[in-house]
Amino acid sequence: MIQIPDLSGTSADDAAARLSALGLDPQVTTEGDADVTGTEPAAGAEVEAGATVTVLATEKPKLTLGQENAIAKALSYLDYTAFSRSGLIKQLEFEGFTKDEATFGVDATGTDWNAQADAKAADYMDYSSFSRQSLIDQLVFEGFSEEQAAHGAKAVGF
């Protein structure tokens with residue numbers, strides 16, 4: 001008996017390959033670039049070798065050129081320095097992206113904003129001295145939430 005793995009979130013092509021490697025017969029419900037939402041039988045079920053497993057998948061939405069470029073620009077900025085979410089959206093708008101494109105691009109990066117606050121706090125501490133509260137205030141001014149700013153302050157030792 002073969003246990004069906006949880007393939008949710010993987011690409012349909014990867015899911016089919018993994019099921020084939022297990023000796024199962026995958027049947028994909030969509031064509032093209034798609035993300036797996038589940039299988040029939042469901043993950044965890046045990047089936048005999050060679051059994052047919054239907055891979056349920058949803059096509060990824062097609063991005064506009066503006067959205068694609070906003071993602072690329074956001075990632076480029078994040079490779080360069082730390083940003084708050086709102087600060088990065090404002091920077092992309094300054095670059096000429098619409099608010100919707102900028103917001104989409106920033107959100108599509110999957111960025112850990114606590115980690116960004118940590119990095120920005122470390123940057124500030126590298127070139128100046130701050131009290132805990134003044135560092136938090138500066139991070140909030142940069143667009144981080146109070147919680148993110150406190151996380152950043154804690155990360156540098158406050």
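Annotation: amide H-H contacts under 5 Å for L22 (H modelled 1.01 Å from N, sequence separation of 5 or more, or interchain): none. Checking [x] -0.92; [y] -1.03; [z] -1.13 against the coordinates, the calculated log10 I(q)/I(0) by the Debye sum over Cα atoms at q = 0.18 Å⁻¹ falls under label [x]. Close amide-amide hydrogen proximity is noted between V28 and V55, each under 5 Å apart and 5 or more residues distant or on a separate chain (H modeled in the peptide plane; Pro and chain starts excluded). Beta bridges assigned by DSSP with both partners in the chain are antiparallel in approximately 70 percent of cases. Between 0 and 90 degrees, rounded to the nearest ten: what's the tilt of helix 65-80 against the longest Cα principal axis of the chain? So the inclination is approximately 60 degrees. Here the Karplus curve 6.51 cos²θ - 1.76 cosθ + 1.60, taken at θ = phi - 60°, turns the phi angles of region 96-105 into couplings of x, 6, 5, 4, 5, 5, 4, 5, 4, x Hz, with x standing for Gly and Pro.
Converting phi to 3J(HN,Hα) with the Karplus coefficients 6.51, -1.76 and 1.60 and the offset θ = phi - 60°, region 144-158 yields 6, 6, 4, 5, 5, 5, 5, 4, x, 4, 5, 4, 9, x, 7 Hz in sequence order, with x at every glycine or proline. GNM on the chain, alpha-carbon springs under 10 angstrom: the most fluctuating residue among D100, D137, D79 is D79.
In order along region 107-119, phi translates into HN-Hα couplings of 5, 6, 6, x, 5, 8, 6, 5, 5, 5, 5, 4, 5 Hz, rounded to whole numbers, per the Karplus curve 6.51 cos²θ - 1.76 cosθ + 1.60 with θ = phi - 60° and x for Gly and Pro.
For the chain, a crude dipole built from +1 on the beta carbon of Lys and Arg and -1 on the beta carbon of Asp and Glu, taken about the Cα centre, is about 520 debye to the nearest 20.
Anyone know which of A72, A117, A21 comes out most mobile in the 10 Å Cα GNM of the chain? Highest fluctuation of the listed residues: A21. Can you tell which of A42, A122, F104 lies farthest toward the positive end of the dipole of the chain, using +1 and -1 charges on the Cβ of basic and acidic side chains (Lys, Arg; Asp, Glu)? Of the options given, the answer is A122. Highest GNM mean-square fluctuation, the chain, Cα pairs closer than 10 Å: which of L24, L92, L65? Highest fluctuation of the listed residues: L24. Residues whose amide H lies under 5 Å from that of G38, counting only those 5 or more places away or on a different chain, are L56; hydrogens are built 1.01 Å from N in the peptide plane.
Just need the relative contact order of the chain here, percent rounded to a whole number, with Cα pairs under 8 Å and 6+ apart.
Details: 236 pairs, mean separation 28.6, N = 158.
Value for the chain: 18 percent.
Between region 95-128 and region 1-59, the C-alpha centres lie 36 angstrom from each other. Each of L19, F144, N69 was scored by the projection of its Cα onto the charge dipole of region 4-146, and the greatest displacement toward the positive side belongs to F144; charges sit on the C-beta of Lys, Arg, Asp and Glu.
Values in this text are rule-based calculations from the coordinates and carry no lab data. Source: prediction; values computed, not measured. Glycine gets a Cβ as well: all are built from the backbone with ideal geometry, and neighbour counts include every protein chain shown.
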